[in-house]
1. Working with all protein chains in place, sort Thr227, Thr210, Thr119 by solvent-accessible area computed with a 1.4 Å probe, largest first.
2. Taking the full set of protein chains and a 1.4 angstrom probe, give the accessible area of Phe112 in square angstrom, rounded to the nearest 10.
3. Could you name the lysines whose alpha carbon sits less than 25 Å from that of Lys154, not counting residues in the same chain fewer than 8 places away?
4. How do Glu39, Glu211 rank by accessible surface area computed with a 1.4 Å probe, from largest to smallest?
5. What are the ³J(HN,Hα) couplings of the stretch 138-147, residue after residue, when phi is run through the Karplus curve with 6.51, -1.76, 1.60 and θ = phi - 60°? Round to Hz, x for glycine and proline.
6. Could you pull out the trypsin sites (Lys or Arg not before Pro) across the stretch 174-264 that fall in loop regions by DSSP (anything but H, G, I, E, B) with no more than 12 other Cβ atoms inside 10 Å?
7. Over the stretch 188-283, with a single point scatterer placed on each C-alpha, what log10 of the ratio I(q)/I(0) does the Debye formula yield at q = 0.15, 0.20, 0.25 1/Å?
8. Ordering Phe130, Phe267 from largest to smallest accessible area (1.4 angstrom probe), what's the sequence?
Amino acid sequence: MGHFSIISAVTSSLKPAIAAVGLGLVALPAYAAERADIENFLTITGFDVAVKSIALGAESAPYMLGLEDQDFGQVWQKRAHETFEVEGMLTQAVDLLEDKLDQDALDHAVNFYESDLGTRLVEAENLSHFDDDDLKEIAGQEIIAEMVKSGDPKIAYFQRMNAAIDPEGWGIKAVQQIQVRFLVAASRAGVIRQGLDEGMLWAQIAENETETRLAMQASAVAGAAYTYQGFSGDEIEAYTVALEHPKMQAVYELMNAVHYTIMGERFDALAQHLETLQPSEDL
């Protein structure tokens with residue numbers, strides 16, 4: 001990859017993320033949702049596809065280390081596939097939601113996403129999850145440029161949507177925590193030669209915090225422009241208002257907590273095997 005900065009891997013590789021909080025901070029439900037309803041909820045809202053897409057993170061893990069996945073040979077792909085096993089992640093998502101998701105909040109979200117607009121939005125989001133991130137951002141930036149020229153109000157809606165689903169900015173913190181733990185584990189395992197100190201990493205991240213957040217916001221808007229390019233301004237406004245509803249925000253808070261809990265545990269599990277996944281020209 002040429003010259004590579006460990007810190008740039010932590011900051012510039014961050015993708016648009018939704019809010020994440022520790023599950024311990026999420027209030028217990030007044031009326032817990034039924035497991036069958038939760039399984040249905042995952043499909044209707046597209047959260048099942050979001051959970052499945054966590055496996056894509058395993059593909060980017062070597063890039064965080066300044067390496068390519070082929071540097072590890074087939075053993076990396078095998079271990080990553082085992083660690084990010086889709087059915088196991090989906091079962092864990094249902095288990096966690098069953099413990100915390102309120103039936104009233106679930107019904108509120110399902111009612112929106114079962115509507116004609118909600119169904120179309122989920123279809124667009126599901127397709128976007130697996131599109132190439134770099135090409136998606138480039139295309140999104142081009143769409144935004146045209147929207148700026150025409151004064152398209154959807155840009156403001158995209159910004160409001162981003163704020164609605166991550167009002168406290170927990171998404172970036174969650175991803176940073178996952179990446180820092182993984183980088184430190186890789187350093188201790190000798191996968192990367194540069195010795196890393198966790199405190200030093202966090203200090204450098206803090207130094208670049210403003211720049212990173214601005215880049216994240218711009219990237220989130222570009223991603224939204226790409227994903228929702230087939231929707232009218234009125235439809236995007238309706239979606240924005242739906243996301244700003246307190247019940248919907250409560251649902252997203254919990255879904256995002258679950259999403260990053262699963263992601264963090266899987267990366268921690270993968271990190272435990274780094275000593276056996278040493279890059280080698282012989283692989």
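The values are calculated or read from the model by the stated rules, or taken from the named source; none is laboratory data. All values reported here derive from a predicted model rather than from experimental measurement. Because the Cβ atoms are built from the backbone with ideal geometry, glycine has one as well, and the counts that use them run over all protein chains shown. Heads up: the accessible areas ignore ligands, DNA and RNA and are worked out on the full protein's heavy atoms, side chains in. Shrake-Rupley method; radii C 1.70, N 1.55, O 1.52, S 1.80 Å.
1. Solvent-accessible surface, decreasing: Thr210, Thr119, Thr227.
2. Here the residue's solvent-accessible area equals roughly 40 Å².
3. Cα-Cα hits under 25 Å: Lys15, Lys136, Lys247.
4. From most exposed to least exposed: Glu211, Glu39.
5. Here the 3J(HN,Hα) series is 4, 5, x, 5, 5, 5, 4, 4, 5, 5 Hz.
6. Loop-located and lightly packed - Arg193.
7. Ignoring solvent entirely, the Cα scatterers give -0.98, -1.20, -1.26.
8. Phe130, Phe267
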